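**Student:** Take this structure first; my questions come after.
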Amino acid sequence: MIAKRWVRGLVGGVIAVGALAGCEVPPPPEAAPGPTAPVRGPSASRPARPPQPERPSQSSQPEAQPCPEGGVRLREAGGDAAMGLRLASLALVNCGTEPYVLDGYPELRVLDRQGAPVEVSAGTGTNGVTTSVSGVEAAPRKMTLRPGAEATFSMVWRNTVTDVTVPAVEGWEVEVVPRPGAPRVRLRLTQPVDLGNTGRLGYGPWIERDAR
């Protein structure tokens, strides 16, 4: 009897073990999802800027030329060159608001590229440069320039090299005292006063004319 009970118990244990072996083991639970980046909603649209008007470039704007302290400014007013004889005119414009009185000749200096005076004998009339030039030998007279009006004077010289051992001289700026006691007025030239090495220049009196 004891042997039979032992056999039954053994058989029952084997059956129980087999039943357990036949059962499927459930898979481990999936890992919990980690934190995810928050999803941003659609950004608020910014109001569109109104179109800005195009500004003209600096080069397209007319250059402002404030009137100098003395109430007048210089400008180039033409010239001529023939067989080495040069003739150039400068205009003095009354850019102020008051009448401007001139009488006779300006006071003139010729300067180089660096603004230093050049070696030249500048005198009224043709100053020995030539025999006669219209405008340079005009009779001086007193005149009053109304605002906007202008007066001119002419210069004459020769572009001649008489001595190869002496450097040629060029003036690139003129300095003018329009009348005694007035402030000096300077003008940078587009064409030089090419004196060669003659060292001589003549100039005429003020001649009135309407501004162009």
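The values are calculated or read from the model by the stated rules, or taken from the named source; none is laboratory data. What you see is a predicted model, and the numbers here were worked out from it, not measured in a lab. Cβ sites come from the backbone with ideal geometry, for glycine too, and all protein chains shown count toward neighbours. Ligands, DNA and RNA are stripped out before the accessible areas are found, and what is left, the full protein with its side chains, is counted by its heavy atoms. Shrake-Rupley method; radii C 1.70, N 1.55, O 1.52, S 1.80 Å.
**Student:** Among the strands (runs of 3 or more DSSP E) contained in the stretch 76-123, which hold 3 or more residues that are of a type in the set (A, V, I, L, M)?
**Tutor:** Answer list for the stretch 76-123: 85-94, 107-111.
**Student:** Sort out which residues of the stretch 89-107 are among the aliphatic types (A, V, I, L, M) and either touching a Pro at 6+ places or on another chain (Cβ under 8 Å) or open to solvent by less than 20 Å² (accessible area, probe 1.4 Å) (or both), and write them in order of number.
**Tutor:** Leu90, Ala91, Leu92, Leu102
**Student:** Let me ask another. Can you find, within the stretch 53-94, the residue that is farthest from Ser154 (Cα to Cα) among those that are modelled with pLDDT of 55 or more and among the acidic types (Asp, Glu)?
**Tutor:** Within the stretch 53-94, the match that is farthest from Ser154 (Cα to Cα) is Glu69.
**Student:** Do we find that Ala116 is without any contact (Cβ under 8 Å) to a residue 12 or more places away in the chain and either of a type in the set (D, E, K, R) or open to solvent by less than 80 Å² (accessible area, probe 1.4 Å) (or both) in this structure?
**Tutor:** It is true that Ala116 is without any contact (Cβ under 8 Å) to a residue 12 or more places away in the chain and either of a type in the set (D, E, K, R) or open to solvent by less than 80 Å² (accessible area, probe 1.4 Å) (or both).
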